[in-house]
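The values are calculated or read from the model by the stated rules, or taken from the named source; none is laboratory data. For clarity, every value in this text was computed on a predicted model and none was experimentally measured. Virtual Cβ from ideal backbone geometry, glycine too; neighbours counted across all protein chains shown.
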Amino acid sequence: MTAEDSSIRRWKLALGTLVGLFLIGMAISFTLAARKVTRVVDRDYYTHGLQYGQCLPTADWTIAPYVQKGYLVARVVDSGGGLLRGGRLQFEPEEEDRSRAAALAFAESSPGVFKSTAPLPPNTELHGTLRFIRGEANTCRKVVLFN
């Protein structure tokens, strides 16, 4: 065997190894992508993009949600920081969360502070929109909730 044959054999082995590693890496990537679906690759990805602007508020109000002792609580304030009372707060779940969030309702526990009427189930992840409505005006906030 000549030095030239040995060099060619090493190049073939190196190229074969690189192609093999590439194929193994692609197989691992496809397997992970099939098992761990993110919101970027879900079936309604384009629908979410088309509906993104639907959460345009008609008033200069702000919703500040937080979880307290298992309950979802939201403070609604105006542009001056004053609490807004007398409105209605609702949670609009995204398509995949409709069954888990069907019973999520709110009551005004104190002026401008709304609390869910039932605690969130443990280990809950909800995606949707909180919408505060008072008269003809409303404001909304897209949220992802973890309990």
Give the stretch 109-147 a look and list any residue that's more than 17 Å from the chain's Cα centre (by Cα) and among the polar types (S, T, N, Q), or say none. Ser109, Ser110, Ser116, Thr117, Asn138, Thr139
On the basis of being small (Gly, Ala, Ser), at pLDDT below 90 and under 15 Å from Gly128 (Cα atoms), does Ala64 make the cut? no
Take the stretch 29-38 and flag every residue that is surrounded by 10 or more Cβ atoms within 10 Å (Cβ to Cβ) and of a type in the set (A, V, I, L, M, F, W, C). Phe30, Ala33, Val37
Return the pair list, or none, for Cβ contacts closer than 6 Å from residues in the stretch 79-91 that are in contact (Cβ under 8 Å) with a residue 24 or more places away in the chain to residues that are of a type outside the set (Phe, Trp, Tyr) and exposed (fewer than 12 other Cβ atoms within 10 Å of the Cβ), at least 6 apart or on different chains. Leu83/Pro111; Arg85/Pro111
Just checking, how many residues over the stretch 99-130 are in a strand (DSSP E or B), in contact with a strand residue (DSSP E or B) (Cβ under 7 Å, 6 or more places away or on another chain) and at pLDDT 90 or above? 9
